[in-house]
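Following: one structure in structure tokens, then a few remarks.
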Amino acid sequence: MTEDESDYVLAKLALSFPSKKLSTEEVHNWASNLAPFDFDQATVAAKSVEDNCKFWPSWAEFREHLLACRKIEIYRPALGAGRPLSKEESAERLRGIRESLQ
């Protein structure tokens, strides 16, 4: 994630929690922590935090939301990405998932 992208994620959080004022050091720390992650997943995580947290999250709390979003993205193709599957496609996908779990 770029610095501009991490600034965007922090801006989304700041809109959700307007009473939290970040210091320059906190912004740099969050940007450093966000750098290895995917921007799209981080924006989804920010929305999840907005919907589920009453207060500004700690990094550990935000990271939990971020990792949960990453898991959803990993399994989305296996779930058909929202398009209806034929009966045969569904059976084949289920067979593949069962084999991967064993």
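Out of everything in segment 1-31 that is assigned to a helix (DSSP H, G or I) and among the polar types (S, T, N, Q), what residue ends up being farthest from Val49 (Cα to Cα)? Before the answer, list the steps.
Narrowing segment 1-31 to residues assigned to a helix (DSSP H, G or I): 3-16, 24-31.
From what's left, among the polar types (S, T, N, Q): 6, 16, 24, 29.
On the way: Ser6: 15, Ser16: 9, Thr24: 22, Asn29: 18 Å.
Across segment 1-31, the extreme among qualifying residues is Thr24.
The residues of segment 48-58 that are part of a helix (DSSP H, G or I) and surrounded by fewer than 15 Cβ atoms within 10 Å (Cβ to Cβ), listed by number, are Asp51, Asn52.
Scanning segment 38-93 for residues that are β-branched (Val, Ile, Thr) and at pLDDT below 90, we see that the one that is farthest from Lys12 (Cα to Cα) is Ile74.
The values are calculated or read from the model by the stated rules, or taken from the named source; none is laboratory data. Being a predicted model, the structure only gives us computed values, none of them experimental. FYI the Cβ positions are ideal-geometry reconstructions off the backbone, even for glycines, and counts take in every protein chain you see.
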